[in-house]
Amino acid sequence: MDTLSYKTISANAATVDKKWYIVDAEGEVLGRLASRVAFVLRGKHKTDFTPHADCGDNVIVINAEKIIVTGNKTTDKKYIRHTGYPGGQRERSFRELMTLKPTAAVEKAVKGMLPKNKLGSQLFRNLYVYEGAEHEQQAQKPVKLELNEIK
């Protein structure tokens, strides 16, 4: 009788198969888009997911200026930063941020859903966000990713 031997798969930088995906953000809700993109960046959709390794894929987000938010978030949602000086707290509304830098809202939302450590910083480098429909990664031949397929 044959004995089956099962081994736990532990992915690392040498064994992981990284793919390129493109996501169209037009008409998508910011939080839902960000959570699904972070899921793919982290690699949780793969069978060989390893929590301590970068086993996720590269994601390109296009049409970031056409993202939507629900409710009164366009005026009520605040992005707060601090200059480091006394009284240096600054805040911007979602609307102001979208007029100044539309890609920042998507980047901040996705970054907030990644781990807060060195791995999170490394994973964030696999995200590319563009305002319009044009992007610089045509050579990588990205595959279109439907967000409703990701759970």
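Read the figures in this text as sums done on the coordinates, not as results from a lab. All values reported here derive from a predicted model rather than from experimental measurement. Counting neighbours? That spans all protein chains shown, and the Cβs are built from the backbone with ideal geometry, glycine included.
Take the residues in segment 21-34 that are closer than 17 Å to R125 by Cα and hydrophobic (A, V, I, L, M, F, W, C); name whichever of them is nearest to the chain's Cα centre (by Cα). Out of the qualifying residues, it is A34. In the set G87, G27, only one residue is of a type outside the set (S, T, N, Q), at positive phi and touching a residue at least 24 places away in the same chain (Cβ under 8 Å); that residue is G27.
Can you find even one residue in segment 25-32 that is under 21 Å from V143 (Cβ atoms) and assigned to a helix (DSSP H, G or I)? Yes, the conditions are met somewhere in segment 25-32. Only one of the listed residues (I67, I60) is touching a strand residue (DSSP E or B) at 6+ places or on another chain (Cβ under 6 Å) and of a type outside the set (K, R). That residue is I60.
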